[in-house]
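Computed from the coordinates by the stated procedures, all read-outs in this text should not be read as laboratory data. Computed from a prediction, not measured in an experiment: that's the story for all the values here. All Cβ positions, glycine included, derive from the backbone under ideal geometry; neighbour counts span all protein chains shown.
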Amino acid sequence: MKVSAMLFSLLVACQILPVTMHSAANRQESRGAHAREDYPNRDDHVWLKHTLAWVDGRGEVRIDYRPVHLDTLTRDVEPIPPKTRTY
């Protein structure tokens with residue numbers, strides 16, 4: 001791997017890490033691979049939403065959310081309701 005590609009990968013990782021940390025800290029539940037010991041259960045009533053994040057020029061992270069659409073785009077496919085993963 002060339003040095004420029006390695007530096008680019010490092011730069012991207014350094015920008016993504018704070019976004020991931022802030023997003024995880026804001027979500028007060030456990031969902032799939034995103035498990036927290038202090039919030040062991042999934043909470044669809046509060047947290048069935050997508051996390052959006054932005055980083056400004058100073059490195060400050062802003063978090064917002066958008067709703068999850070549970071309906072399909074066609075009547076040919078039945079929607080699948082959310083459920084807790086069990087293994």
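Once the chain from Met6 to Arg36 is taken as fully extended at 0.36 nm per residue, the excess over their C-alpha distance is 7.6 nm. Assuming R0 = 25 Å, what is the FRET efficiency of Lys83 and Ala13, from their Cβ-Cβ distance, to the nearest 0.05? Calculated value: 0.15. The length gained by stretching the chain between Asp44 and Ala24 to full extension, at 0.36 nm per residue less their Cα-Cα distance, is 5.6 nm.
For the chain, GluC sites (Glu not before Pro) are listed when DSSP marks them as loop and at most 13 other Cβ atoms sit within 10 Å of their Cβ; the list is Glu37, Glu60.
Longest stretch of the chain clear of exposed loop sites (trypsin sites (Lys or Arg not before Pro), DSSP loop, at most 12 other Cβ atoms within 10 Å, sites excluded): 3-57. Between Thr72 and Ala53, the contour length at 0.36 nm per residue exceeds the Cα-Cα span by 4.3 nm. Ordered by the number of other Cβ atoms lying within 10 Å of each residue's own Cβ, fewest first, Ser30, Ser9 fall into the sequence Ser9, Ser30. Among Thr72, Thr51, Thr20, the residue with the largest mean-square fluctuation in a Gaussian network model of the chain, with springs joining Cα atoms closer than 10 Å, is Thr72. Springs between alpha-carbon pairs under 10 angstrom, Gaussian network model over the chain: which of Val61, Val12, Val46 fluctuates most? Maximum among the listed residues: Val12.
Here's the picture: charge each Lys and Arg Cβ at +1 and each Asp and Glu Cβ at -1 in the chain, and of Tyr65, Thr86, Ile16 the one pushed furthest to the positive end of that dipole is Ile16.
If you wrap the tightest convex hull around every Cα atom of the chain and split its volume per residue, you get 194 Å³. Counting only alpha carbon atoms, the long axis of helix 3-26 and the longest principal axis of the chain meet at about 40°.
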